[in-house]
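Input: a single structure, listed below in structure tokens.
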Amino acid sequence: MTAVKIIKVLGTSTESWEDAAHEAVSEASKTVDNISGVEIRDHTAKVEDGSITEYKATVEVAFPVRDGS
């Protein structure tokens, strides 16, 4: 049986929520090995002068727990 750890990562983008989610996974994969899945938990945005200027996606990243031996 494999145990899985889940962490939350916030990605940002000036283009879209999808790009923000991709950014979160891309950055997490730099320090987390064997990412096996993600769940998009939240979409938010920064608004300035009536327009969205930054998209934000909160992503839960799942990966297997390594054996300590």
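Summary of values
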| quantity | calculated |
| --- | --- |
| All positions within the range 46-69 that are among the hydrophobic types (A, V, I, L, M, F, W, C) and closer than 17 Å to Val9 by Cβ | Ala57, Val59, Val61, Ala62, Phe63 |
| Search result, residues across the range 1-57 that are assigned to a helix (DSSP H, G or I) and either among the charged types (D, E, K, R) or surrounded by 15 or more Cβ atoms within 10 Å (Cβ to Cβ) (or both) | Trp17, Glu18, Asp19, Ala20, Ala21, His22, Glu23, Ala24, Val25, Glu27, Ala28 |
| The one condition in (1) within 10 Å of the chain's Cα centre (by Cα); (2) of a type outside the set (Gly, Ala, Ser); (3) farther than 24 Å from Asp67 by Cα that Thr44 fails to fulfil | (1) |
| Pairs where the first residue, in the range 38-66, is without any contact (Cβ under 8 Å) to a residue 40 or more places away in the chain and more than 21 Å from Ala3 (Cβ to Cβ) and the second is surrounded by 17 or more Cβ atoms within 10 Å (Cβ to Cβ) and among the polar types (S, T, N, Q), C-beta under 7 Å, 6+ apart | Asp42/Thr58 |
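We did not get these values from a lab; they are worked out from the coordinates using the rules stated. Only a predicted model underlies this, so the values are computations on that prediction, with no experimental measurement involved. Cβ: placed from backbone, ideal geometry, glycine included. Neighbour counts: every protein chain shown.
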